[in-house]
Structure formats: C-alpha cells, structure tokens
Amino acid sequence: MATIAQQVTLLEDLRRAQRANGPAAVLAIGTATPANCVLQDHFPDWYFRVTRCDHLTKLKSKMTRICDKSGTKKRYFHHTEETIGWHPEFLDRALPSLGARLRTTADAAAELAAAAAGAAIAEWGRPAVDITHLVVATNSGADEPGADLRLALLLGLGPTVRRTLLYLHGCSAGLVAIRVARDIAENNRSARVLVACAHAVLLTFGAPDEARLDALVTSALFADGAGAVVVGADPVLPLERPVFHLDYVLKAHSCVV
C-alpha cells in the first residue's frame, strides 16, 4: 500500500501533467461592428430625429457639446432608424418594451460575437472544432439558453466544448472574461479558449428626458460591437503564434502584458 507521502507525490505529478508548461497567450484577435455607422458629428441630429424630439433644443445642444468633447469619431449600432420606427414602445415609456428589446439584443449580441469570433478563428488558423472552451461575456440580455449556446451553434464548435457565460459584468466584462480564459488555459494542458464579448445598447435606448441627464451622457458615448480572442498556452509553432502573453492578471480585473 502506498504511503501518504507517495500518494501526495502521485497527485502532484498528475496535476503537473494536467497543467500547461508555459503562460497563457492570446493567439488571435477578431473584432466586428454592425453595418449601421453614425458619425459622431452627426449623432445629435440623428438621435433627436429618430426619437422625434427635435423640439428639445436645449437637450440637443447639450448632447452636441458632449459628442464634441468625447473624442469619438464614429459609432456603430445594430438598431437603425427603421428599427425604431417599427417599435414605438422603445420611445414611449408608458408602453412595455423589455421583451422586444431582449429579443432584438439577443440576436444582435450573438451575430456580433459570431462575426468577431469567426475573424479570430480565421486568424488563429486552426478549425473551430479545436476550441475546447468558450467564454462569452455580454451586458445585452440575460436569457437562457444564452449567448454562449447560440454562439457555439453558429460557429460549429464541437459538442464537448465547455461553456462559461458571463452576464451583466459592466465595463469590466472583457477583462473578467480574459482572466477566466487565462486560468482555464494554464490549468488545462492543450486547452484552446475562445473568448467573445459583445454589446448592444438597445436595452437602454430611449427618447431624451430632461430629468435623466445621465441617460443623455450614455447615449452620447456607447455603441455596439464585439471582440474575440483565442487564448492558449504552449503554442504549437509555427501554426500558432502568440500575439502577446498574459503575464499577470490583477485582482482588480486589470491585465498587464
């Protein structure tokens, strides 16, 4: 019978065999934006027109100043002027709109994530079925089955892919997802983790309101888009080439590379 010391040594050897030898690295990057692009200089005119609030001249002037000082040149949106026209409930706070917003953003988040992830996989150079883990982060909805399952189906990932879904982590969502992917890659030998983050602002979109200036600020700053990376340790050269290594991830969810 093995001694306790021998059992401990055996467990340590097993754990070392399961872990990667080197640090996690980003192996590929992909991004995606919707087709609807609005120049920031034109956004106040666009926004007040589609919300039918051109008569609120003081608020429009305030948003114009915010847009001018934002440093942003252009933004992309999944929703269009036609989308708003089809859904009057998006502008009338007396009408229920959450269901329509969630259905629309669920489609938008999945499509954007799939476009960004597809670009990352193409840059990576290996087939999608080689992805072993999937981490998806989005602030656009909280439905089940969620964006992770929809994305796996859209990309044709293998049926054994291990999915992690992160909802409503706010501005730190991307860094949280990278931290999770790093831990997976370094603790699972040969793991290849696809991280996809997508956002659509339709959930908070609405007509301007003099009583809610904070909403005016967010309307002037945020937009829709997605980013994706493939993360793995011990890259298979020359097929895989690290873009950069994830050297250390701080508890505050910031990443030093």
Given the chain, longest segment not containing exposed loop trypsin sites (Lys or Arg not before Pro) (DSSP; at most 16 other Cβ within 10 Å): 94-188
message: How tilted is helix 4-18 with respect to the longest principal axis of the chain? Cα atoms for both, answer in degrees (0 to 90, nearest 10).
response: 50
statement: Computed over the chain: longest principal axis from alpha-carbon atoms vs helix 173-187 long axis, angle to nearest 10 degrees, is 10
- prompt: Label Leu239 and Arg19 with points 7 Å out from Cα along Cα→Cβ: what is the distance between them in nm?
  reply: 2.6
- request: Show the residues, 5+ positions off or on another chain, whose built amide H is closer than 5 Å to the amide H of Lys74.
  value: Gln40
message: If you fit an axis through the alpha-carbon atoms of helix 57-69 and take the longest principal axis of the Cα set of the chain, what angle between them do you get, 0 to 90°, nearest 10?
response: 40
message: In Å², and per residue, what accessible area does the chain have when probed at 1.4 Å with the other protein chains present?
response: 53
- prompt: So how much slack lies between Glu81 and Ser172, counting 0.36 nm per residue of separation and subtracting their Cα-Cα distance, in nm?
  reply: 29.8 nm
- prompt: From the Cα gyration tensor of segment 64-115, with a ≥ b ≥ c the square roots of its eigenvalues, which class applies: rounded if a/c is under 1.5, or else prolate if a/b is larger than b/c, or else oblate?
  reply: oblate
- request: May I ask you to derive the FRET efficiency for Ile29 and Asp247 from their Cβ-Cβ distance with R0 = 22 Å, giving the value to the nearest 0.05?
  value: 0.80
Alpha-carbon gyration tensor eigenvalues x 5, square-rooted, for the chain, Å: 43, 18, 17
message: Given a 1.4 angstrom probe, I'd like the percentage of the accessible area of segment 22-245 that is carbon and sulfur, rounded to a whole number.
response: 57
field: Inter-site label distance for Thr164 and His55 at 7 Å from Cα along Cβ, in nm
entry: 5.2
Normalised contact order of the chain, rounded percent, pairs of Cα under 8 Å and 6 or more residues apart: 32
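The values are calculated or read from the model by the stated rules, or taken from the named source; none is laboratory data. Note that the structure is predicted; figures quoted are calculated from it, not measured. Reconstructed Cβ throughout: ideal geometry from the backbone, glycine too, with neighbour counts over all protein chains shown. Only protein heavy atoms, including side chains, enter the accessible area calculation; ligands, DNA and RNA are left aside. Shrake-Rupley method; radii C 1.70, N 1.55, O 1.52, S 1.80 Å.
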